[in-house]
Amino acid sequence: MDFTEEQMERYSRHILLNDVGVEGQIKLLESKVFIIGAGGLGAPIALYLA
């Protein structure tokens, strides 16, 4: 997967981390999350994951 210039700018700090790197960022971009409920805990989680 090749990153666009916009993605490189946005995720450059993640890619620099030894624990994430390019492979980890690709996994994050390809992942999906299901949040049950949007109450006191679900709403902030949805914002952080967006």
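The values are calculated or read from the model by the stated rules, or taken from the named source; none is laboratory data. This structure is a prediction, so every number in the text was calculated from the model and none was measured. Cβ sites come from the backbone with ideal geometry, for glycine too, and all protein chains shown count toward neighbours.
A few comments on the model shown:
- Any hit, segment 1-13, residues being within 12 Å of the chain's Cα centre (by Cα) and hydrophobic (A, V, I, L, M, F, W, C): no
- Taken over segment 19-50, residues that are of a type in the set (A, V, I, L, M, F, W, C) and at pLDDT 90 or above amount to 5.
- Looking across segment 41-50, the residues that are surrounded by fewer than 10 Cβ atoms within 10 Å (Cβ to Cβ) and either of a type outside the set (A, V, I, L, M, F, W, C) or in a helix (DSSP H, G or I) (or both) come down to LEU47, TYR48, LEU49.
Every residue, every condition in (1) surrounded by 12 or more Cβ atoms within 10 Å (Cβ to Cβ); (2) not in a helix (DSSP H, G or I), yes or no:
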site: ASP2; (1), (2): no, yes
site: GLN7; (1), (2): yes, no
site: ARG13; (1), (2): no, no
site: ASP19; (1), (2): no, yes
site: GLY24; (1), (2): yes, no
site: LEU28; (1), (2): no, no
site: VAL33; (1), (2): no, yes
site: ILE36; (1), (2): no, yes
site: GLY39; (1), (2): no, yes
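- Scanning segment 23-42 for residues that are in contact (Cβ under 8 Å) with a residue 12 or more places away in the chain and β-branched (Val, Ile, Thr) turns up ILE26, VAL33, ILE35.
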